[in-house]
Amino acid sequence: MIVRIMGEGQFNVADVEQDTLQKYDDEVEAAVESGDSEHVHQALSTLRQYVLDHAEPVADDFLGSSDIVIPYPDAEIEEIQQMLTGEGFIPELT
């Protein structure tokens with residue numbers, strides 16, 4: 001699964017701990033639902049940092065699309081809501 005972090009590039013999250021990735025994604029979704037912008041930005045920053053620290057950067061010459069887009073950490077709640085799928089940014093793997 002390829003994740004694009006706006007302003008950071010694309011990352012392959014296939015080999016990261018999926019439960020942890022999902023936990024951070026769920027936290028963003030819960031923060032958005034609460035309407036607490038400080039909590040939203042904190043949760044989004046944590047998700048972003050986890051991907052940056054654990055996922056494999058995709059080669060610059062990769063021409064494929066991203067499966068998921070994670071917005072800038074300072075995005076407005078309304079922008080983030082439009083990007084959420086009902087399962088957060090990252091769909092639950094079964």
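Each value in this text was obtained by applying a stated rule to the coordinates, not by laboratory testing. This one's a predicted model, so the numbers in the text were calculated from it and none came from an experiment. FYI the Cβ positions are ideal-geometry reconstructions off the backbone, even for glycines, and counts take in every protein chain you see.
Along the stretch 77-82 the Karplus relation, 6.51 cos²θ - 1.76 cosθ + 1.60 evaluated at θ = phi - 60°, assigns HN-Hα couplings of 4, 4, 5, 5, 4, 5 Hz to successive residues, with x for each Gly and Pro. If you take every residue apart from Ser66 with its C-beta less than 13 Å away from the C-beta of Ser66, what net charge results, scoring Lys and Arg +1 and Asp and Glu -1? My count for the surroundings of Ser66 gives -1. Net charge within 12 Å of Gly9 by Cβ-Cβ distance, Lys/Arg positive one each and Asp/Glu negative one each, not counting Gly9 itself? Once positives and negatives cancel, what remains is -1.
When the label point is put 7 Å from the Cα of Glu38 along its Cα-to-beta-carbon vector, which residues of the stretch 49-93 have a backbone N closer than 20 Å? What the label zone holds, given the 20 Å backbone N cut-off, is 73-78.
FRET efficiency for the Ala14 to Ile77 pair, using the beta carbon distance and R₀ = 35 Å, is estimated at 0.75.
Annotation: peptides 17-28, 51-62, ranked by per-residue average of other Cβ atoms within 10 Å with the highest first, follow the order 17-28, 51-62.
Counted residue by residue at 0.36 nm each, then reduced by the alpha carbon distance between them, the extension gain from Gln49 to Gln22 reaches 8.4 nm. Expressed to the nearest 5 percent, the antiparallel share of DSSP beta bridges inside the chain is 65 percent. Helix 18-34 and the long axis of the chain differ in direction by around 30°, with both axes built from C-alpha atoms. Applying Stokes-Einstein at 25 °C and 0.890 mPa s to the Kirkwood radius of the stretch 2-83, computed over alpha-carbon pairs, gives a translational diffusion coefficient of 190 µm² s⁻¹.
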